[in-house]
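A quick write-up on the structure given underneath.
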Amino acid sequence: MQDVAAGLWHTVCTSVDGDVYSFGGNQFGQLGTGSDQAETVPKLVDATSLENKNARSVSCGARHSAIITDEGEVFCWGWNKYGQLGLGDSMDRNVPCSVPVDAYHPLNVSCGWRHTLVLADSPT
């Protein structure tokens, strides 16, 4: 594994090939598998939004998850009661969704209990 992060009831990790795997509790879609079924072994997050994407790092909040790709794209999924997915609403997501970070170049992403932070370069 390349990177690993743990939330309250779930774990998400990335492989050296840039694939994303998740396991554990999934009541808010925090595994990104498209369902709310818990997984007892690592399961590939096989989402169309991640096709041809290579995850560089991962972070988990209490009940949500985020990755940043090699190209600086941010994807979030899971619990979104407080808008912590950065998608402009408060609807939970059970698959990775691209977070709009227009005019910035994301370098890293980090999830807290009810929030997500993106470290980014300003446009030049």
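Build a GNM of the chain with springs between Cα atoms under 10 Å apart, and of D19, D89, D102 the one that fluctuates most is D102.
Database remark: amide H of H64 closer than 5 angstrom to the amide H of W79 (H placed geometrically; neighbours at sequence offset of 5 or more, or on other chains; Pro and chain starts carry no H).
Once a ≥ b ≥ c are taken as the square roots of the eigenvalues of the Cα gyration tensor of the stretch 3-121, is the result rounded (a/c under 1.5), prolate (a/b larger than b/c) or oblate (a/b not larger than b/c)? Show your work: numbers first, answer last.
On the way: a/c = 1.59, a/b = 1.17, b/c = 1.36.
Judged from the Cα gyration tensor, the stretch 3-121 comes out oblate (a/c at least 1.5, b/c at or above a/b).
Considering only T48, T69, T11, the Gaussian network model of the chain with Cα springs below 10 Å gives its largest mean-square fluctuation to T48.
Assuming charge only on the beta carbon of Lys and Arg (+1) and of Asp and Glu (-1), the dipole of the stretch 44-124 about its Cα centre is about 380 debye to the nearest 20.
Taking neighbour counts of Cβ atoms within 10 Å as a proxy for exposure, in what order, fewest first, do W77, W9, W113 appear?
Details: W77 29, W9 16, W113 12.
Listing W77, W9, W113 from fewest to most nearby Cβ atoms yields W113, W9, W77.
Ordering W79, S59, S110 by the projection of their Cα atoms onto the charge dipole of the chain, which places +1 on the Cβ of Lys and Arg and -1 on the Cβ of Asp and Glu, puts W79 at the extreme positive end.
Laboratory data are not the source of any read-out in this text; all were calculated from the coordinates shown. Keep in mind that what you see is a predicted model, and the values were worked out from it rather than measured. Neighbour counts run over all protein chains shown; Cβ positions are idealised from the backbone, glycine included.
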